[in-house]
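Structure first, then comments.
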Amino acid sequence: MRDFKEAVHAAQAACLLTLFVTIGASGQTAPGEQPNLQGRVTQDQIVNGELSLREIRRAGLRVFTTPFNKIDGYGDPGGRPSLQGNGTLLRVNGLDGQTCLECHSLLSAATVPPRLGIGGVGGSVTNAIIKPTAIDPADLDLDKIAGFNGRFVNPPFVFGSGGVELLGLEMTEDLQQLRAEALANPGIVISLTTHGVDFGTIVADANGYLDISRVTGVEDDLVVKPFGRKGEFATVRDFDTEAMQFHFGMQPSEVVGTGNDADADGVVDEIRPGDLSALHTFEVTLERPEDEKASSNGASGLQRFNQIGCAFCHVPVIQTRGQTLPLRFPSDPIDHTTGVYLTVNLTQPPVSFPSNGTGGISVPLFADLKRHDMGPDLSESFAQVDAQHNREFTTARLWGVADTAPYLHDGRATTLTEAILLHGGEALPARDAFAALSDQNRARVISFLDSLRTPTEPAKDLLN
């Protein structure tokens, strides 16, 4: 019986693979059908200056909003299974949408009906279910906990990512210089402080061994990675490269190799370097979040926000040294001068970060780009990492927070107050201080947070 079942499963897999190859082989056997991704640009066109910034951004908008089909290369028949053998979707480990826009389309959840647009957050239904091997929705052990050993992640917005990426690159440059300083001065404890953020200390010995045991909030390589809830990606492009594969089964040729059909769907070069460069350019030039003029209650709420310790991690504004973001391919996580194919001035529309008067920009992100231990109640149960990593999250950027419910990494908090009171670990003192405020002062803090808004019409210049 077991041999028979295995034979049936093998036959089903072969049929599905044949289906993918037949449908997906550049549309040759699907008369009247074509790939949905049209108007693609090449990396050479971008590098050689053949396209204006607007043209590159428009091409990136197309990549962001195109619902990929199997002729484009959607799917992963050579790798992951599909749910119930449907041949297309899985949902519980990616293959959970067709377009970036599906998970990034909610501009404001603060209005009824919600306001939709390009680049926003995702509602609870769009949460990514990442790499589980076990899930217990039936609650078989009757403990009222649907056991789950993957990650459950609510999609954040894309706005302002150009300023965040520049800030992360500058922080990394500083940390690498401090690392070199430690190696050149054995026995001297070097503080890893950059842009006002403290990442701990390092010290080297005379043999060139670097003690990193007191490094906090960043990986041992001292590369600041602002993107991803856990701080996994140094640039938006790094995030996109992974997301294309996970969510859509769209294989970037810069990952799997040019001309290589890594997912056995009959399509090669599904996402080319030019596609990712255009997408990256589009995303880092989207508008930044906005600050409404705070009411008197809101201004008082900001004072309370600072006084009770929220601003220790949710740093209101961080200044950069420069105003120009280098976009790179191929890129080096440490040397940011190689592979630059385009530079973007972040003071120019539509991004329009304010100049800080010292050659840089002001980035009012209300975060520190650092990972923090958030305590056991918010801890994930991801089987592929240790308990400490499950407790740590990159500080959420609060700009735009008024419009971005639900809150926290998995969207479990439906209100701002609920989100604050769920803080633990390193944030517990600030959480307790908020809880101890009078009702009036807590309302003032919420009033302040309600003044941090998302853009009203992102990508308007491209859509018109």
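The values are calculated or read from the model by the stated rules, or taken from the named source; none is laboratory data. Values in this document were obtained by computation on a predicted structure and should not be read as measured data. Note: ideal-geometry Cβ built from the backbone for every residue, glycine included; neighbour counts use all protein chains shown. Quick note on the areas: whole protein, heavy atoms, side chains included, nothing else; ligands and nucleic acids left out. Shrake-Rupley method; radii C 1.70, N 1.55, O 1.52, S 1.80 Å.
Give, as ranges by residue number, the residues of the stretch 128-163 whose backbone N falls under 17 Å from the point 7 Å along Cα→Cβ of Asp461. Under cut-off, by backbone N: 159-163. A simple rule links phi to the HN-Hα coupling: the Karplus curve 6.51 cos²θ - 1.76 cosθ + 1.60 with θ = phi - 60°, which for the stretch 248-259 gives 10, x, 8, 8, x, 5, 6, 9, 9, x, 5, x Hz, with x for Gly and Pro. Could you tell me whether the stretch 193-237 comes out rounded, prolate or oblate from its Cα gyration tensor? Rule is a ≥ b ≥ c as square roots of the eigenvalues, rounded for a/c under 1.5, then prolate if a/b exceeds b/c, otherwise oblate. Prolate. Each peptide in 32-39, 172-179 receives the mean, over its residues, of other Cβ atoms within 10 Å, and ordering these scores from highest gives 172-179, 32-39.
Once the Cα-Cα distance is subtracted from the 0.36 nm per residue extended length, the Asn345 to Ser52 segment shows a gain of 104.1 nm. Considering only Cα atoms, the convex hull volume of the stretch 367-424 works out to 82 Å³ per residue. Between Ala184 and Leu83, the modelled labels are 5.6 nm apart [label points 7 Å from Cα along Cα→Cβ]. Rounded, prolate or oblate, given the Cα gyration tensor of the stretch 218-265, with a/c below 1.5 counting as rounded? Prolate, since a/c reaches 1.5 and a/b exceeds b/c.
How would the stretch 231-290 be classified by its alpha-carbon gyration tensor: rounded, prolate or oblate, with rounded meaning a/c under 1.5 and the a/b versus b/c comparison settling the rest? In terms of gyration-tensor shape, prolate. Comparing Phe152, Ala138, Gly162 along the charge dipole axis of the stretch 109-164, the residue lying farthest to the positive side is Gly162, per the Cβ-charge model.
So what's the gap between the Cα centers of the stretch 45-85 and the stretch 154-198, to the nearest angstrom? Measuring centre to centre over Cα atoms gives 32 Å.
Per residue, the convex hull spanned by the alpha carbons of the stretch 247-362 comes to 175 Å³. Of the residues Lys144, Lys230, Lys225, the one with the largest accessible area comes first in the ranking Lys144, Lys225, Lys230, computed with a 1.4 Å probe on protein heavy atoms.
Comparing Pro350, Thr281, Asn297 along the charge dipole axis of the stretch 281-364, the residue lying farthest to the positive side is Asn297, per the Cβ-charge model. Quick one: net charge around Leu449, please, counting Lys, Arg +1 and Asp, Glu -1 for every other residue with C-beta under 13 Å from its C-beta. Result for the neighbourhood of Leu449: 0.
Ellipticity at 222 nm from helices only: DSSP H runs of n ≥ 4 in the chain, each -39500 (n - 2.57), divided by the residue count, give -9500 deg cm²/dmol.
The loop-placed GluC sites (Glu not before Pro) in the stretch 215-277, going by DSSP, that have at most 15 neighbouring Cβ atoms within 10 Å of their Cβ come out as Glu219, Glu232. Could you tell me what percent of the DSSP beta bridges with both partners in the chain are antiparallel, to the nearest 5? Percent antiparallel among DSSP bridges in the chain is about 95. Under a model in which nothing but the beta-carbon of Lys, Arg (+1) and Asp, Glu (-1) is charged, the stretch 359-464 shows a dipole of about 240 debye around its Cα centre. Calculated on the alpha-carbon coordinates, the convex hull of the chain measures out at 192 cubic angstrom per residue.
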